[in-house]
1. With +1 on the Cβ of every Lys and Arg and -1 on the Cβ of every Asp and Glu, and nothing else charged, how large is the dipole of the chain about its Cα centre, in debye rounded to the nearest 20?
2. With all protein chains present, how much of the accessible area of the chain (probe radius 1.4 Å) comes from carbon and sulfur, to the nearest whole percent?
3. If you line up the long axis of helix 322-333 against the longest principal axis of the chain, both from Cα atoms, how many degrees apart are they, to the nearest 10?
4. Give me the aspartates and glutamates in straight-line cross-link reach of Lys391: C-alpha distance below 13 Å, same-chain residues under 8 apart excluded.
5. With axes computed from alpha carbons, what is the tilt in degrees of helix 2-12 against the longest principal axis of the chain, rounded to the nearest 10 within 0 to 90?
6. Please give the per residue volume of the convex hull enclosing the alpha carbon atoms of the range 359-423, rounded to a whole number of Å³.
7. Taking amide H atoms as placed 1.01 Å from N in the peptide plane, list the residues 5 or more away in sequence, or in a different chain, whose amide H sits under 5 Å from that of Cys217.
8. Angle check, please: helix 256-302 long axis (alpha carbons) against the longest principal axis of the chain (alpha carbons), in degrees 0 to 90, nearest 10.
Amino acid sequence: MFESFTENIREKSGGKLPFEDAWANLKAFFAQVSENKKMGSDILFMVTYMASIITADISRPEIFAFTATRKEYITSKYIAKVETFVKRWNYNYAKALEMVADRTKNPILSSMLIRYGNSIGSGVPDNEFLVLELSTVRIVYRNHFEQGIEMLKKWGDAYIALMLSATIVSIIIMVSIAIYTPDDLDATLNTSYLLTIGIAVFGIGTMYHSIPGDQKCHELPGQGSYEQRMIRKMERFIVPTVIITSVLLLIGGFNAGLIYLIIGVLLAPLGIFAVIDDTKIIGRDADFSVFIRSLGTIMGGKGLTVPYALAEVDIKTLKVLYEFIQSVYSKLNLGLDENLVWERFIDESGSNLISKYLNIFRDSIKLGGNPSEVARVVSTSMLEQTLLREKREMLATGFIVLLIPMHVAMVAIFIFLYQILLTMSHAVTAVMASFDQVSDAMSSTTASMGGSMSGMVNIFVNFPEDKMGTYIAIVLLIITVANIMAGKIVKGGANYLYYAFGSILFSLTGILLIVTPFIVEMLFQIPIFNGGV
């Protein structure tokens, strides 16, 4: 039924669905943005792989053939295109690289392919080019990453300023409504929502675009560290529970602060596991660069295989990876399949860098590469990324330390002013009721004076309490979600870190919404004078 309906629309609109081209262009744009985020690190992975397997003295066709099969790199599909031009269309490698580079939108990858093509055309041996190119790619990656960090510093401060401005604008609109209720109140509130969302999207989008991607988890299907598996199991129950509970409480008319607090509390277990896993992965990656260099040096220097070389590695110096390496050594001594043992190691580590670089090391050794040289290449590339990650972690820590108090301040100011306006509205309404009660008993002159006073204070009488309560809840929801996304973008890592930031910020928002009315009631009281005859 739906297919025939779609075909009828296509026939009436010239063979295309309405907005089909716009939707396709939008999807292509976001796909390109996502690819560019990962391109810098994947180019480093790919060139490290090439520089490692070249130590086995393999031929140029083998270099491209093996690299094209590494589907975990985004760049492998471009190498596969080079293979297609060479093997199916009989182009030489220099021309094929040039053609693919011309069709590549990412400037960093395009430049690398052009350099490789020029090197082949000039007769430079592949091993010489790849050694020099790996050094170049590391420098480009470091420079690009550090530029992103510097940009993120500035845009992090700009984001804070933007969100404060959005909060101030929302507060001004709220005060303006209290003073003078506009005829089209809904349009005014909707404008405020759109303005707040627009500012948040602009700030978050700019920060997202500023820094290169840094994928920490390998995200292999159905696999991962203990914490990652626990998160996947728990979120099947917790996330639906959060949604259903929130909807039921909303329908039941419960306080928005209670809803936000419950959301934060329910997300807390996921957030705790997320922070623990993120911290462990950072430690595992730092240990692995030391481990793989030691393992390769022992294998190359003494001519040992992996099980015997592991016995020579001083794993006690590996504070985080100690138990993992000990487990690998024990399993290999029992005669278990080496491939399965290392796959289990990658699975339990949960680390993207360990997954990528360990596979590079093992593939190069299988092809006959020099273990010492391969270990040096792999550990140096990994060390480059872990050191840059430390810089990002330092920046992220500073931003988060600023973000959380800023969030508390924005939410508290917003709620405090709302409660003060609400208190003033109630007080003025009571005063006006007092004037009405005594107006009949007063002289005409006094009544005229009372009417004049009534006109002066009437500005707070028509405060739309119900709609403004909804307005406060929605604006705080927008601000909270925006700050959650901002914290995750700056921190980097897996998507489960959204649970950690969500738990903290939703809980703080809920607590402030619940506690603030009581504080305002204690600290801000307007005396009400009852008139008498």
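The values are calculated or read from the model by the stated rules, or taken from the named source; none is laboratory data. Every value quoted in this text rests on a predicted model; they were computed, and no experiment measured them. Heads up, the Cβs are rebuilt from the backbone with ideal geometry, glycines too, and the neighbour counts pull from every protein chain shown. Accessible surface areas use protein heavy atoms only, side chains included; no ligands, DNA or RNA. Shrake-Rupley method; radii C 1.70, N 1.55, O 1.52, S 1.80 Å.
1. Values: 44 positive and 48 negative charges, 295 e Å.
My answer is approximately 1420 debye.
2. Whole-percent figure for carbon plus sulfur exposure: 63.
3. That helix lies at roughly 40 degrees to the long axis.
4. The qualifying aspartates and glutamates are Glu146, Glu150, Asp214.
5. That works out to roughly 90 degrees.
6. Considering the Cα atoms of the range 359-423, their hull volume per residue is 77 Å³.
7. Asn352, Ala494
8. It is inclined by approximately 20 degrees.
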